[in-house]
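Visitor: Please read through the structure below; I'll follow up with questions.
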Amino acid sequence: MPRLLTALDARWRPIFATAIYTGLRRGELLALRKADVDLDAGTIAVCRSHGNATTKGGHADLLPIAEELRPYLRAALDSSPSEFVFPRADGRRQPENLDLRRVLRRALGRAGIVTAYIHKCRRRSCGYRRREANPEAGRCPRCRMKLWAIPIPRPIRFHDCRHTTGTLLLKAGVPLATVQRILRHSDPAITSEVYGHLDLEDMRAGINRLSFQPSRKALPSAASAKKGPPFAASLLLSAGGGESEGSGVPGEDGGTPDPFMVGATGFEPATTCTPSKCATRLRHAPMNDLCPAAARGVKAKIGVTAYSSLPDGSAAVAASAPASGPGSPLLSALLST
């Protein structure tokens with residue numbers, strides 16, 4: 001904003017500053033009168049638009065004056081020869097078709113807020129012109145004449161000053177209800193959806209406010225990540241337990257019941273592993289995808305997932321498994337959650 005305000009002519013600087021600091025519409029600015037501005041109280045009464053006796057919302061509003069806006073309003077009030085704050089040179093009210101967009105485009109070009117530059121030869125008969133990203137034109141490659149660097153301003157309208165007001169207020173952390181009152185919207189959804197132009201960095205700054213300060217024990221360490229087996233591999237039968245024999249009943253062998261197999265969709269409800277059509281059987285990976293030792297163990301015995309309740313009312317998972325095998329750490333973790 002400072003670059004834009006500096007690039008504007010002194011005649012237009014107060015009206016653009018007022019548009020940015022208050023979010024007033026073009027018609028409301030051109031119809032603003034000296035009686036509507038109270039610098040002592042720090043307020044602006046928005047009562048009319050262009051030649052109409054009311055605003056777009058159909059009612060008058062009272063807005064506060066930002067401290068940085070005071071000198072711009074003071075200059076406009078002192079230089080105005082009539083009752084209007086931003087009149088013509090003769091004191092009459094500005095016309096409704098005043099092209100403020102053209103004034104804005106010229107200021108954007110001088111401020112360097114552009115999309116590109118057109119390097120054009122000063123010699124009309126040459127006709128050389130080329131679109132470039134930098135303003136250093138140099139000389140024409142055809143006739144060696146100096147080139148003009150014509151800026152192509154960004155496609156910004158005067159009404160976008162109002163968009164800028166709402167966006168900057170939201171990015172500064174001003175509550176949505178306050179921004180709605182400043183922009184005088186009837187629905188806060190208009191304020192958040194139309195004027196809340198937040199980019200990725202704004203969302204990153206917002207989500208980084210989530211700080212729970214977890215304990216050091218809860219944070220994962222690089223050493224534990226390297227030692228632990230992959231989750232999918234821990235759910236399948238390990239190669240070392242493929243030759244062991246057991247009763248297939250959890251806890252009957254005296255060891256901790258380990259998870260033996262898990263279906264493709266996770267832990268399924270307890271059921272008998274029978275070949276009947278009504279029974280829900282746990283699916284597993286194809287035999288060819290397992291190592292030989294694991295395949296032998298799968299063929300020898302199929303585990304069944306079961307659910308039980310702990311004394312405190314929480315659910316626990318138990319499964320049939322061979323008497324030996326390294327799967328107990330996973331079960332212990334499940335029982336502890």
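Visitor: Restricting attention to the stretch 81-107, which residues are part of a helix (DSSP H, G or I) and in contact with a strand residue (DSSP E or B) (Cβ under 6 Å, 6 or more places away or on another chain)?
Guide: Matches in the stretch 81-107: 105 only.
Visitor: All but one of (1) at pLDDT 80 or above; (2) exposed (fewer than 10 other Cβ atoms within 10 Å of the Cβ) hold for residue 222; state the number of the condition that does not hold.
Guide: The failed condition is (1).
Visitor: For the list (1) out of contact with any helix residue (DSSP H, G or I) (no Cβ under 8 Å at 6 or more places or on another chain); (2) assigned to a helix (DSSP H, G or I); (3) among the basic types (Lys, Arg), I need the number of the one condition that residue 110 fails.
Guide: Answer for residue 110: the failing condition is (1).
Yes or no, residue by residue, for (1) farther than 22 Å from residue 2 by Cβ; (2) buried (at least 16 other Cβ atoms within 10 Å of the Cβ); (3) without any contact (Cβ under 8 Å) to a residue 24 or more places away in the chain:
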{"position": "29", "(1), (2), (3)": "no, yes, no"}
{"position": "35", "(1), (2), (3)": "yes, no, no"}
{"position": "40", "(1), (2), (3)": "yes, no, yes"}
{"position": "49", "(1), (2), (3)": "yes, yes, no"}
{"position": "53", "(1), (2), (3)": "yes, no, yes"}
{"position": "57", "(1), (2), (3)": "yes, no, no"}
{"position": "62", "(1), (2), (3)": "yes, no, yes"}
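Visitor: Can you name the residue in the stretch 157-173 that is of a type in the set (Gly, Ala, Ser) and not in a helix (DSSP H, G or I) and is also farthest from residue 187 (Cα to Cα) among such residues?
Guide: Only one residue tops the list, namely 172.
Visitor: What are the pairs, 6+ residues apart or on separate chains, where a residue within the stretch 89-100 that is at positive phi has its Cβ under 6 Å from a residue that is assigned to a loop (DSSP other than H, G, I, E, B)?
Guide: Hits for this filter: 91/81; 91/82.
Visitor: When the residues of the stretch 64-122 are filtered to those that are over 16 Å from residue 16 (Cβ atoms), of a type in the set (Lys, Arg) and outside the structural domain of residue 11 (by TED's automatic domain parsing), which remaining residue is farthest from the chain's Cα centre (by Cα)?
Guide: Going through the qualifying residues, I end up with 122.
Visitor: Exactly one condition in (1) more than 24 Å from residue 10 (Cβ to Cβ); (2) surrounded by 14 or more Cβ atoms within 10 Å (Cβ to Cβ) is not met by residue 111; state its number.
Guide: (1)
Visitor: How about the stretch 1-73: which helices (runs of 4 or more DSSP H) wholly inside it have at least 1 residues that are closer than 12 Å to residue 86 by Cα and hydrophobic (A, V, I, L, M, F, W, C)?
Guide: Numbers: elements: 2-7, 13-22, 26-30.
Correct list: 13-22, 26-30.
The values are calculated or read from the model by the stated rules, or taken from the named source; none is laboratory data. Everything numeric here is computed off the predicted structure, so don't read it as measured data. Don't worry about glycine lacking a Cβ; one is built from the backbone with ideal geometry, like all the others, and counts go over all protein chains shown.
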